[in-house]
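Before any comments, here is the structure.
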Amino acid sequence: MRILDLREGREDEDVAFGRRALEMELEHPARTVMIVLGSEAEVSKLADRVASRADAFPWREAVWVRDQRILTAAQREWFDDVATRAVALDFADRKVEGLGVDADLFDIERAFLRAQQGGGA
């Protein structure tokens, strides 16, 4: 799992780095990506569960974005519902499914599988 965060006093530099790192993951033509957003304790637990379903498969990538300023305005729209804390993206970087902090391993696996199959939200 890749973790992107901002450091105090270096926010501009970290936003630029985070956007490049995220874009690099999204541009991979044969990888499904799940992005987790937030820094709260519940999000941390969700990120652990997402990583457990992504790390074992080379065609899956999990990215934990701890500060929403790293996301572009278009990427923030993936989290349009206040309860959405993770999104599964297909190979064309379209949102397939949003997950809340209460998503279990089955929910996460199902979202990854739907993204791999190209199922839209």
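Derivation of every value follows stated rules applied to the coordinates shown; laboratory data play no part. Here the structure is a predicted model, which means the values were calculated and not measured. Here Cβ is always computed from backbone atoms with ideal geometry, including for glycine, and neighbour counts include all displayed protein chains.
Only a single item in (1) assigned to a loop (DSSP other than H, G, I, E, B); (2) surrounded by fewer than 13 Cβ atoms within 10 Å (Cβ to Cβ); (3) in contact with an Asp or Glu (Cβ under 9 Å, 6 or more places away or on another chain) is not met by Pro58, and it is number (3). Consider the stretch 94-108 and keep the residues that are buried (at least 16 other Cβ atoms within 10 Å of the Cβ), touching a residue at least 24 places away in the same chain (Cβ under 8 Å) and not β-branched (Val, Ile, Thr). The one that is nearest to Asp48 (Cα to Cα) is Ala103. In the stretch 27-37, the residue that is farthest from Leu113 (Cα to Cα) out of those that are buried (at least 16 other Cβ atoms within 10 Å of the Cβ) and not hydroxyl-bearing (Ser, Thr, Tyr) is Leu37.
Looking only at residues that are among the basic types (Lys, Arg) and part of a loop (DSSP other than H, G, I, E, B) in the stretch 63-90, which one is surrounded by the fewest Cβ atoms within 10 Å (Cβ to Cβ)? So, considering only residues that are among the basic types (Lys, Arg) and part of a loop (DSSP other than H, G, I, E, B), the one surrounded by the fewest Cβ atoms within 10 Å (Cβ to Cβ) is Arg66. Cβ-Cβ distances below 6 Å connect the following pairs, each with a first residue in the stretch 37-52 that is outside any helix (DSSP H, G or I), a second residue that is among the basic types (Lys, Arg), and a separation of six or more residues or different chains: Leu37/Arg85; Gly38/Arg85; Ser39/Arg66. For the stretch 1-22, filtered to residues that are exposed (fewer than 13 other Cβ atoms within 10 Å of the Cβ) and closer than 13 Å to Ile70 by Cα, the residue that is farthest from the chain's Cα centre (by Cα) is Arg10. Do we find a residue being of a type in the set (Asp, Glu) and over 12 Å from the mean Cα position of the chain (by Cα) anywhere in the stretch 83-100? Taking every residue of the stretch 83-100 in turn, none turns out to be of a type in the set (Asp, Glu) and over 12 Å from the mean Cα position of the chain (by Cα).
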